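Only one structure is covered here, and it is reproduced in the block below.
The values are calculated or read from the model by the stated rules, or taken from the named source; none is laboratory data. Quick caveat: nothing in here was measured; it's all calculated off a predicted structure. Note: ideal-geometry Cβ built from the backbone for every residue, glycine included; neighbour counts use all protein chains shown. Only protein heavy atoms, including side chains, enter the accessible area calculation; ligands, DNA and RNA are left aside. Shrake-Rupley method; radii C 1.70, N 1.55, O 1.52, S 1.80 Å.
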Amino acid sequence: TFSSINFKYSKSLKFSLKDLNFTIRNGQITAIVGLSGSGKSSILDLLVGLFEPNSGNILINGNNLNDINLNKWQREISIVSQDTFLINDSIINNIKFGLGKVSFKDIEKACIESGSKEFIENLPNSYDTIIGERGFKLSGGERQRLSIARAFLKQSSLLILDEATSALDSENEEFIKQNIEKNRSNKIILIVAHRLSTIKNADNILVLNQGRIVERGNHESLLEKKQLYKKLWEIQSKN
């Protein structure tokens, strides 16, 4: 829960978030949308503990985030961003990076759910293929799918997808969306997206504008309101 949150990055800057109030719940998919500079990244920065709000409280299961062991909380989070983090190593070592001992069966399952298995097995050395610094030997879509596989393998309590499917075609994006739906029951899923087709089926959509939540609801209810969300949807539908 974000309760009466106000936040700015420094005293000289204007507030990035103003009087923010919302709750995201286990088993639900919550989406955050808005124009660039509306405050989406600031919410994520606060949620993962990179910064503290200037006022207000962030509550995790009713406990103030300031009173929780930050390292323990961050271990409960998986983040897949537009800029993927990959190392100059094998496919399999990238997928299980930082996760300790995991079975190949679990790795393969995560690759199936992320749509990665087929392209991996077509590589020269399959899961042992070295992908180069930052994964430069792979396409943007392949790099994103590996990052999603790593997040699925981690089985975190909170899964954050920050423009995580921006490099995927519509077919692969839809496949991953379906697998996110299948695995939603035991975690909180938070999606940040510019491409609204990504979050069409979210339980709750928060629409930000200049640091404030100006609309909230599901896709259908927001279209009926005929406000900012509908305007953004119509612009994207024409492209």
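Overview of values
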quantity: Heavy-atom SASA rank of Arg25, Arg145 (probe 1.4 Å, accessible area, largest first); calculated: Arg25, Arg145
quantity: Radius of gyration, Dmax [the chain; alpha carbons; angstrom]; calculated: 18.4, 54
quantity: Computed FRET value (nearest 0.05) for Lys105 with Phe85, which takes r as the C-beta separation and R₀ as 22 Å; calculated: 0.35
quantity: Ellipsoid semi-axes in whole angstrom, largest first, where each is sqrt(5λ) of the Cα gyration tensor of region 114-239; calculated: 31, 16, 13
quantity: Nonlocal amide H pairs with Ala31, under 5 Å, H built at 1.01 Å; calculated: Ile191, Asn204, Ile205, Leu206
quantity: Cβ-Cβ FRET estimate between Ile112 and Ser170, R0 fixed at 22 Å, reported to 0.05; calculated: 0.70
quantity: Options Ser12, Ser38, Asn69, ranked by Cα towards positive dipole end of the chain, top entry (Cβ charges); calculated: Ser12
quantity: Region 1-111: proportion of alpha-carbon pairs further apart than 17 angstrom, %; calculated: 64 percent
quantity: Simple label model, 7 Å out from Cα along Cβ direction - Asn201 to Asn63, nm; calculated: 3.3 nm
quantity: Relative contact order [Cα under 8 Å, 6+ residues apart], the chain, whole percent; calculated: 28 percent
quantity: Heavy-atom surface of the chain, accessible at 1.4 Å and reported per residue (Å²); calculated: 52 Å²
quantity: Length added when fully stretched, Glu181-Ser139, from 0.36 nm per residue minus Cα-Cα; calculated: 12.6 nm
quantity: Percent accessible area from carbon and sulfur atoms, the chain, protein chains only, probe 1.4 Å; calculated: 46 percent
